[in-house]
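**Q** Below is a structure I'd like to ask you about.
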Amino acid sequence: MEKKVEVIMYSHPIHDFQYKNGELYCEGVKVSAIVKKVGTPVYIYSYKTLVDHYRKIREAFKAVDPIICFAMKANSNIALLSALVKEGAGFDIVSGGELKKARLVKADMKRIAFASVGKTEEEIFDAVNAGILLFNVESRPELNNINRIAGKMRKKVQVALRINPDIDVPTHDKINTGSLKKKFGIDLKTARDIFLGQKEFKNLRINGVHIHIGSQIIKGEPFLVAIEKALAFIDELERDGVKVEFFDIGGGLGIVYKDETPQTAKEYADKVLPLLKGRTFRLLMEPGRFIAGNAGIFVTRKLYLKDNGVKKFMIVDAGMNDLVRPSMYGSYHEIIPVKKVGGKKVHCDVVGPICESGDIFAHDRDMENVKDGELLAVLSAGAYGYVMSSNYNVRPRSAEVMVKGRQWAVVQERETFKDLIKGAKVPGFLK
Ligand SMILES: Cc1ncc(COP(=O)(O)O)c(C=O)c1O
């Protein structure tokens, strides 16, 4: 049985999207008023929810003053990034593009960690040039490459090795990164050999340990297992004379999509902090979803209700190109009307217009029976939403809006057809 919308909305004080007199608001602004100006589909972010979630982590861990590197892959809208920079956040980046965005929003380069299993020569060069805090390195060949490039640039570069703790992580297979069956990290034996033989890398200071075991992990246990394994690894290194100056515990904290009861930042900190007592390394964290996930909704318009005699389909004007999580991971997102209608619900799939059976937002859901043309809000869409959108079916990417109190602004314009064909050419030999 699905939970009723009202229960979901009010039992988890997770965000600042609330009904007032049957109308959905983001903070002090009517969602329908935004749509009137901007159209659909549109992502709408609450500044307050975003910043509150960042502060929750900062507060919970304040005893060790960690460097909180927001995982930019979760949401790289520059308004959102600027808001986090003002709060003191750094970034976990995974590409040259993310580095450029970090510079654009004037992030402190000494709060930037660069992960990814496949950094290119150009990306490494740019990151060394920018003076980032450290590279999180995932293989020996990559280490060789960074060492060579740093040498050419006459720079000494700090490196953390991302170790793969090889543990079971209870989350979706596609976002599980903590096992050796996945491409991520370095096995403990190789990592240890690298630390002990680091003289070979003249232009590197290999002085950090990094883990990231996966995403949308709602209980503390797997984190603790991984952290304890990493700490034992660090202890062994220190016994052998290697000084570990940074310990990056990654991201992965789960959020509420349906009826989960994920650990809070405080519960997480209460479990992790005792393990860190007496340690001298600087702690880094890379939360993405926890900070941005519940800070965003995605608004789409119902087009039609189709009944093929076997099943009903609520067809909306957004597709998997706009929000791919349900198609890609089978993820659940609550979908509620922007104006409540009440009355008898309709049992249906909520689907987009794209030519794929996987173009779906909800399976077998009891939906409020809104009229054609009415608006629906897909909740908890602030992380891995817009950033994963595409132009599949020649569909322009949606607009993004940020709300702060009673103010709001478009923070990413909707793409136009002109944007979509930029750089496209029919060659002379076809003419
Ligand atoms: C290395 C690394 N750090 C942090 C994150 C952020 O994860 P989450 O959004 O679950 O906090 C990811 C996500 O894939 C990641 O790969």
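**Q** Could you please find all residues in segment 250-274 being more than 16 Å from the ligand (Cβ to nearest atom) and under 13 Å from residue 63 (Cβ atoms)?
**A** Correct list: 266, 270, 273, 274.
**Q** Moving on to the next point. Among the residues of segment 6-23, is there at least one that is basic (Lys, Arg), outside any loop (DSSP other than H, G, I, E, B) and modelled with pLDDT of 95 or more?
**A** Within segment 6-23, none of the residues are basic (Lys, Arg), outside any loop (DSSP other than H, G, I, E, B) and modelled with pLDDT of 95 or more.
**Q** What's the number of the condition residue 206 fails, among (1) surrounded by fewer than 24 Cβ atoms within 10 Å (Cβ to Cβ); (2) more than 13 Å from the ligand (Cβ to nearest atom)?
**A** Here residue 206 clears every test but (1).
**Q** Can I ask one more? Is one or more of the residues making up segment 120-140 modelled with pLDDT of 95 or more, surrounded by fewer than 17 Cβ atoms within 10 Å (Cβ to Cβ) and in a loop (DSSP other than H, G, I, E, B)?
**A** Yes; the residues of segment 120-140 include at least one that is modelled with pLDDT of 95 or more, surrounded by fewer than 17 Cβ atoms within 10 Å (Cβ to Cβ) and in a loop (DSSP other than H, G, I, E, B).
**Q** Hey, another quick one. Modelled with pLDDT of 95 or more and either within 13 Å of the ligand (Cβ to nearest atom) or in contact with a His (Cβ under 8 Å, 6 or more places away or on another chain) (or both): does that describe residue 92?
**A** So residue 92 passes the test.
**Q** Output the number of residues of segment 202-217 satisfying the condition of being within 20 Å of residue 268 (Cα to Cα) and in contact with a Leu (Cβ under 8 Å, 6 or more places away or on another chain).
**A** The number of residues fulfilling the criteria is 3.
**Q** Let me ask something else. Give me a count of the residues in segment 291-331 that are touching a Lys or Arg at 6+ places or on another chain (Cβ under 9 Å), within 16 Å of the ligand (Cβ to nearest atom) and not hydrophobic (A, V, I, L, M, F, W, C).
**A** Counting residues in segment 291-331 that are touching a Lys or Arg at 6+ places or on another chain (Cβ under 9 Å), within 16 Å of the ligand (Cβ to nearest atom) and not hydrophobic (A, V, I, L, M, F, W, C) gives 2.
**Q** While we're here: If you go through segment 44-76, how many residues are within 15 Å of the ligand (Cβ to nearest atom) and aromatic (Phe, Trp, Tyr)?
**A** 3
**Q** Same structure, new question: Regarding residue 390, is this residue assigned to a loop (DSSP other than H, G, I, E, B), within 16 Å of the ligand (Cβ to nearest atom), of a type outside the set (A, V, I, L, M, F, W, C) and within 28 Å of the chain's Cα centre (by Cα)?
**A** So residue 390 fails the test.
**Q** Could you count how many residues in segment 258-270 are part of a loop (DSSP other than H, G, I, E, B) and either at pLDDT 95 or above or of a type outside the set (Ser, Thr, Tyr) (or both)?
**A** The qualifying residues number 5.
**Q** Does at least one position in segment 214-223 carry a residue that is more than 16 Å from the ligand (Cβ to nearest atom), in contact (Cβ under 8 Å) with a residue 24 or more places away in the chain and either within 19 Å of residue 140 (Cβ to Cβ) or in a helix (DSSP H, G or I) (or both)?
**A** no
**Q** Yes or no: segment 332-350 includes at least one residue that is more than 30 Å from residue 231 (Cα to Cα), at pLDDT 95 or above and in contact with a Pro (Cβ under 7 Å, 6 or more places away or on another chain).
**A** Yes, that holds for at least one residue.
**Q** Taking segment 275-313 only, how many residues are polar (S, T, N, Q) and buried (at least 19 other Cβ atoms within 10 Å of the Cβ)?
**A** 2
**Q** Among the residues of segment 49-75, how many are in a helix (DSSP H, G or I) and either buried (at least 19 other Cβ atoms within 10 Å of the Cβ) or touching a helix residue (DSSP H, G or I) at 6+ places or on another chain (Cβ under 8 Å) (or both)?
**A** 14
The values are calculated or read from the model by the stated rules, or taken from the named source; none is laboratory data. Bear in mind that the values here come from a model prediction, so they are computed numbers and not experimental data. A quick note on method: Cβ atoms are made from the backbone with ideal geometry, for glycine too, and the neighbour counts reach across all protein chains shown.
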